[in-house]
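Worksheet: one structure, shown below.
The values are calculated or read from the model by the stated rules, or taken from the named source; none is laboratory data. Note that this is a predicted model, so its numbers are computed, not measured. A quick note on method: Cβ atoms are made from the backbone with ideal geometry, for glycine too, and the neighbour counts reach across all protein chains shown.
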Amino acid sequence: MTTATFTGKAEQPTRGAQASYLTAEGFTLRSWLLTKDHKRIAILYTISITLFFFVGGAAATLIRFNLVTPPGLFQPDTYNRLFTMHGIVMVWFFLIPSIPTTMGNFLIPLMIGAKDLAFPRLNLLSWYLFVIAGVLGLVAIFAGGVDTGWTFYTPFSTMYSNGYVVLALAAVFVSGFSSILTGLNFIVSIHRLRAPGLTWYRLPVFCWSNYATALILVLATPILAITLALVAVERLLKVGIFDPALGGDPLLFQHLFWFYSHPAVYIMILPGFGVISEIVPCFARKPLFGYKFVVWSSIAIAGIGFFVWAHHMFVAGISLYAGLVFSLLSYIIAVPSAIKVFNWTATLHKGWISFDAPMLYALGFIGLFTIGGLTGLFVANLAFDVHATDTYFVVAHFHYIMVGGMVSAYFGGLHYWWPKITGRLYPEWWARIAAILIFFGFNLTFFPQFILGYLGMQRRYASYPPEFQIWNVLSSAGASILAVGYALPLFYLGWSLWRGKKAGPNPWAATGLEWRTPSPPPPHNFDVTPTVTRPPYQYRPDPEPQDV
Amino acid sequence: MEGKVSFLPATASAYAGEMNWLFAGLIATSVFILLLVFGLMIVFCVRYRKGSGADRGDRMKKTWRVEVAWTAATFVLFMGLYAWGANLYIELHRPPLDATDIHVVGKQWMWKVEHPGGQKEIDALHVPVGRPVRLVLSSEDVIHDFAIPAFRIRQDAVPGRYETLWFTPTEVGDYRLFCAEFCGTDHARMGGTVTVMEPGDFQRWLDEQGSTESLAQEGAALFRQFGCSGCHGAASTVHAPPLEGLFGRPVPLASGETAMADDRYIRDSILMPRAQVAAGYPPIMPSFAGQIGEDELLKIVAYIKSLGTKERPAR
Ligand SMILES: [Cu+2]
Ligand SMILES: [Cu+2]
């Protein structure tokens, strides 16, 4: 083909025994714990967040187990600790770090043709902070738990909760610094370290999305840190900030908390958009439809995302006018999300589509994200939200986005770049089975929750009226399928590490600089700094790699 | 209220009826978009699967026209949905003037309800069908939320302030009532029943409760007990504003602003007298925060409200 993309000397994967990042620094634990290689740090992160995913997942399993019968199987206090633990672990120790710290860390330098991130030492520090935060969180859990919900609403959290609130706050507080450092590293790297010829509009959407995410991480996380610190101050020193009995204002807490936590929703989904925008063109063998619109919609989401926070407070006692404004802005931010879905769909048009596991996850993502997004229109609707907020309708809505969306994207990306990361191919059929199980298990788990919520089942209920049982049982049944779906990759991906076929540098015949270096990549990524001469995603239907 | 599998909640108020239409509208929009997106995805995936012979020539080149078209279409559609919901929400914030006020106090983990006639109930609310009711919500400890799915309404009960919620029940029956804001151990059990009755039955029910004094009468006693009358009473020598004719009128403040004397204003005047000082009076009123419980407070407020209809004496 005549589609030479890079003028840099192409790496030949077959050439002699060049050490990869996995082997070059040696095999000792020390070489891993003191590494400054972004790829190794990404692996450290992957191991850590996988651990937390299963801790949070175990809590979710117990939650669904409890809700099989209306009176509940656990004591209310136990149940309250379970959903709090599930929320805190999944939000701060899985979803927020998920794609950025693993694939983002691994791929951004590769995608921009750099040797590493701008600040390798900060990158390692960020992982250590994450580990410290995680340990604090686990101590809080195992010392007796926290019963505030992940939202730490005051004055309950400051004056009434009898859990290990301050310890949990400290865990989240420290994890925030890890987020900020990662964000900072991405922003600087993408600005400063792009290879020659890699202009902003030639940047893969994955980099753009992580860039937008990094902006939010850097701008929003400090607000969370301050807010949580104030909660700790009120709880420990009885200084009136949020508790009206001490002269504080409980709504102030909600404003501050959601000022971080709404943008945090986009921290959790934007990187997923990035992954999907890489996978869909590759398996449709077509350039991404409307590249600039996809890119700018991410930036728009990151920006407008800061101005919708009070849509979590429509019944909390904000004024009528505040409600009107925040609902309007929430509808406006739904537009760029819709644009993305349309663009991915249009990318399929007149393509040469194949259905390998990453593509199955990507299609699943689009489907589930669309449902999540559409139900977002319901809860952004003032009158509807008055009925639905704090019910399972909201629970279902955000699980469609966070789990159906983000976790599908995470798995899609993991499979797509697995050959690059490990140098091995995963077993395709097992991966497809897992993808399909996850899709159906997910829908069975969460679709009934929409019905439950609309019927009036409230969130965070350890027990519930008997007329809601049937939907809860369906949901729990779905959860067991989902659990199998999530556990499967652990086995077959693990197996592939030793037994998987050697991948070669570019098993998907994909464009993008990360595929222009051996799998697994050498410690410094590229022997010769690549030069970029074309926009991304110049796919042709031909199954041969086109960029040689 | 129990038994059989249900897909939709009961519709027991006029507002809930309007909400059903909104719900239908949202569902219709979603189904339309879902069919469009999923339909196209499935058609493309089948037609343009690798190895199929479908024609791929003449691909779309200029994309911005398409982009602008679908962006504009979604925007217009979304604004329509927004306006529809906003309209109903405004209605929720405009209680009719003839609504009966019922006080509801949340505390871990029960709802205490006090009718204007002094009748009290716990975890239950009896209301007459066809008459507007306005709930005045407060909390003694943490944030709770008073939710009645059959009416499609809810409102947080926030400590330190009054929130209101109104509805006009249209169907006689028993409906569930929940606490919808997580409030600790027995959050899930903090609920009960809303009973909508024929007006005649409701009157009989009120009478059976055998309350001796109305809320306002109990409030009058507390007004003396806490020493309010020492300053605000007719015989007082202290320069304090008379509370007759106060409720529902604008109050000029020392700061130059004007406040509306509603439930919240009266409550704040008692708990935080320094926050809004009435013009022309010295700020000598002591704060009663921490001394008067929510139950007592709402009685005193009811008493001051009952004075609202009286003539304002010149003093
Ligand atoms: Cu939000
Ligand atoms: Cu409660």
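Worth a mention:
- Among the conditions (1) surrounded by fewer than 14 Cβ atoms within 10 Å (Cβ to Cβ); (2) over 27 Å from the mean Cα position of the chain (by Cα); (3) at pLDDT below 85, the only one that B:Glu213 does not satisfy is (2).
- Count of segment A:150-166 residues, restricted to those that are in a helix (DSSP H, G or I) and more than 19 Å from B:Trp109 (Cβ to Cβ), is 2.
- B:Asp55 passes every criterion in (1) facing chain A (nearest Cβ under 10 Å); (2) in a helix (DSSP H, G or I); (3) loosely packed, with under 11 Cβ neighbours inside 10 Å apart from (2).
- The helices (runs of 4 or more DSSP H) found entirely in segment A:60-149 that carry 3 or more residues being in contact (Cβ under 8 Å) with a residue 40 or more places away in the chain and surrounded by fewer than 19 Cβ atoms within 10 Å (Cβ to Cβ) are A:120-143.
- Hey, B:Pro159 more than 26 Å from A:Pro76 (Cβ to Cβ), more than 16 Å from ligand 1 (Cβ to nearest atom), buried (at least 19 other Cβ atoms within 10 Å of the Cβ) and within 15 Å of the chain's Cα centre (by Cα) or not: no
- Residues located in segment B:166-189, provided they are in contact with a Gly (Cβ under 8 Å, 6 or more places away or on another chain) and closer than 24 Å to B:Gly118 by Cβ: B:Thr168, B:Pro169, B:Leu177
- The one condition in (1) at the interface with chain A (Cβ under 8 Å from one of its Cβ atoms); (2) closer than 25 Å to A:Val315 by Cα that B:Ala24 fails to fulfil: (1)
- Residue check for B:Arg56: among the charged types (D, E, K, R), closer than 30 Å to A:Asp356 by Cα and more than 16 Å from ligand 1 (Cβ to nearest atom): yes
- Scanning segment B:112-156 for residues that are of a type in the set (A, V, I, L, M), surrounded by 23 or more Cβ atoms within 10 Å (Cβ to Cβ) and either within 16 Å of ligand 1 (Cβ to nearest atom) or over 21 Å from B:Pro95 (Cα atoms) (or both) gives B:Val142, B:Ile143.
- Scan of segment A:202-244 for residues that are within 14 Å of chain B (Cβ to nearest Cβ) and crowded, with 24+ Cβ neighbours inside 10 Å, ordered by number: A:Val231, A:Phe242, A:Asp243
- The set of residues from segment A:248-289 being among the polar types (S, T, N, Q) and within 16 Å of ligand 1 (Cβ to nearest atom) comprises A:Gln254, A:Ser261.
- Of all the listed residues (B:Thr195, B:Thr164, B:Thr185), the sole one being within 16 Å of ligand 2 (Cβ to nearest atom), crowded, with 17+ Cβ neighbours inside 10 Å and among the β-branched types (Val, Ile, Thr) is B:Thr185.
- Leading residue by the ranking (nearest to B:Glu18 (Cα to Cα)) among those in segment B:176-205 that are facing chain A (nearest Cβ under 9 Å) and in a strand (DSSP E or B): B:Arg176
- The residue that is farthest from A:Thr154 (Cα to Cα), counting only those in segment A:310-366 that are among the polar types (S, T, N, Q) and at the interface with chain B (Cβ under 7 Å from one of its Cβ atoms), is A:Ser354.
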